[in-house]
Amino acid sequence: MAHNHNHNHSGSCSHDHDHDHDGPDRGAEFTLFKHIDKDNIRAYNEAVDGSAKSVFKSWDDRLNDSMVLESDADEQLILFIPFTGNVKLKSIAIRGVAENAPSSMKVFINREDIDFSNVDSIQEWDQEWELIDPTVNAMMGEIPEYPTRMARFGNVRNLTIFFPANVSGSDVTKIAYIGLKGEWTEVNKDPIITVYELAANPADHKKIGTGDENTRAVQ
């Protein structure tokens, strides 16, 4: 969905700089790819409708650039990612495209109301990272992985990611791959029990106007 929007970038915040390098020998072990509700992914300011879904790929396709997510009106992107169960999110892997790669991201847990009308006014988010510049740090085919604060990310039903800028300061941000790792638990829904009244019992109902009430006749 493409959106025109104005932004206010004032305010200060802290950044998490820690990252790991996601080697091919351990990449697929904890992937949550199959547990993302892809049909309900939402993207704000994407140039091509539906392209956000393409960046959530299997580990084997992580280097496939046949489809990428590209911003439209400016460099900012918001992604809403729902899961099919409860997730303990351990890390987020991001692969941007050269000088159009995002330079930072903010993440919100279990929020379904975030878009460009309010994202700049929200003063608290669950975690923020400064991302590696792929034009400076060649990753040799590896993808940088950003660990989460596990105390906050232990019960995630949906995730909103805000990418406010890219490494070159251009008007277009491009993302080729987003990988989410963690543990998935199926949500157990309580069964719906419906009770039917098979037959009415006259004794269970108060009779009206039949003399059974405590009334006094006027002579």
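The values are calculated or read from the model by the stated rules, or taken from the named source; none is laboratory data. Just so it is clear, the model here is predicted, and its values are computed rather than measured. Cβ: placed from backbone, ideal geometry, glycine included. Neighbour counts: every protein chain shown. We work out accessible area using only protein heavy atoms, side chains counted, and drop any ligands, DNA or RNA first. Shrake-Rupley method; radii C 1.70, N 1.55, O 1.52, S 1.80 Å.
Results for (1) under 17 Å from Trp129 (Cβ atoms); (2) of a type in the set (S, T, N, Q); (3) at pLDDT below 95, shown as yes or no for each residue.
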residue	(1), (2), (3)
Ala2	no, no, yes
Ile36	no, no, no
Asp39	no, no, no
Ser71	no, yes, no
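Hey, among the residues in the stretch 56-70 that are open to solvent by 80 Å² or more (accessible area, probe 1.4 Å) and in a loop (DSSP other than H, G, I, E, B), which one's farthest from Arg42 (Cα to Cα)?
In this case the residue turns out to be Leu63.
Kindly indicate the residue of the stretch 71-103 that is among the aliphatic types (A, V, I, L, M) and open to solvent by 20 Å² or more (accessible area, probe 1.4 Å) and also farthest from Ile41 (Cα to Cα) among those meeting that condition.
Ala98
Give me a count of the residues in the stretch 159-183 that are part of a strand (DSSP E or B) and either surrounded by fewer than 19 Cβ atoms within 10 Å (Cβ to Cβ) or out of contact with any strand residue (DSSP E or B) (no Cβ under 8 Å at 6 or more places or on another chain) (or both).
Looking only at that region, the number is 1.
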